[in-house]
1. Determine, yes or no, whether Asp64 is at pLDDT 95 or above, at positive phi, out of contact with any strand residue (DSSP E or B) (no Cβ under 7 Å at 6 or more places or on another chain) and not β-branched (Val, Ile, Thr).
2. Mind counting the residues in the stretch 83-142 that are over 22 Å from Tyr68 (Cα atoms), not in a loop (DSSP other than H, G, I, E, B) and not charged (D, E, K, R)?
3. So which residues in the stretch 100-126 are within 18 Å of Lys157 (Cβ to Cβ) and of a type in the set (A, V, I, L, M, F, W, C), if there are any at all?
4. What are the residues in the stretch 69-90 that are among the polar types (S, T, N, Q) and open to solvent by less than 80 Å² (accessible area, probe 1.4 Å), if any?
5. Looking at the stretch 91-129 only, could you name the residues that are surrounded by 13 or more Cβ atoms within 10 Å (Cβ to Cβ) and more than 15 Å from the chain's Cα centre (by Cα)?
6. Which condition from (1) surrounded by fewer than 17 Cβ atoms within 10 Å (Cβ to Cβ); (2) of a type in the set (D, E, K, R); (3) part of a helix (DSSP H, G or I); (4) under 20 Å from the mean Cα position of the chain (by Cα) is the one that Glu66 breaks?
7. Could you list all residues from the stretch 33-75 that are of a type in the set (Val, Ile, Thr) and within 20 Å of Phe110 (Cα to Cα)?
8. Can you tell me which residue is surrounded by the most Cβ atoms within 10 Å (Cβ to Cβ) among those in the stretch 130-158 that are in contact (Cβ under 8 Å) with a residue 24 or more places away in the chain and among the small types (Gly, Ala, Ser)?
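The values are calculated or read from the model by the stated rules, or taken from the named source; none is laboratory data. On a predicted model such as this, the values are computed, not experimentally measured, just so you know. Don't worry about glycine lacking a Cβ; one is built from the backbone with ideal geometry, like all the others, and counts go over all protein chains shown. Just so you know, the surface numbers come from the protein's heavy atoms only, side chains and all, with ligands and any DNA or RNA stripped out. Shrake-Rupley method; radii C 1.70, N 1.55, O 1.52, S 1.80 Å.
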Amino acid sequence: MPKMINILVLFMLFLKRETIAQTNSEVLKMDLLKSEIIKMDSLLFDVAFNQCDAALFKKIISEDIEFYDDRSGLNISQANEIKSLISKCERQEKLTRKLNSCTIDKLGDFGAVQLGEHTFYVNDVPKGTGKFVHIWERKGNEWKLKRIVSYEHRPYKK
């Protein structure tokens, strides 16, 4: 009987070690996912949107983009999104965006969801805030922004 107890204890220790290894692996995968999506957010806004890089913008957003906005409704045209960016960049005022906060989680093997809040600036003066949901799709080694929900746009409050 004591031999059987020793075997059971060793087996339980082995299972515990395997569970810890899986947990550590999952944490590392989530950390990698979060850093990849933060990088994509930075490319999308800090470079493409803020610096008016329409070529990068086109590369990041999916051809079948769906953009739901509380002010303008639904847009399902990548070409219209690019035209909108170019139009914004041709204006006298410089409109930019800064990420305030976000959370990121995986969507199975499909990609990731990013929920966040950001502030919009006109000529470096904060003018408004908004919340968003981004659905990112992983295609091979690349990320594409597939769906956008942009809502709760409000004037900036200190």
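1. No; evaluated as a whole, the condition is false for this residue.
2. Residues flagged as over 22 Å from Tyr68 (Cα atoms), not in a loop (DSSP other than H, G, I, E, B) and not charged (D, E, K, R) within the stretch 83-142 amount to 3.
3. Within the stretch 100-126, Phe120, Val122, Val125 qualify.
4. Asn75, Ser77, Gln78, Asn80, Ser84, Ser87
5. Within the stretch 91-129, Lys94, Leu95, Thr96, Thr119, Phe120, Tyr121, Val122, Pro126, Lys127, Gly128, Thr129 qualify.
6. (3)
7. Ile37, Ile38, Ile60, Ile61, Ile65
8. Gly130
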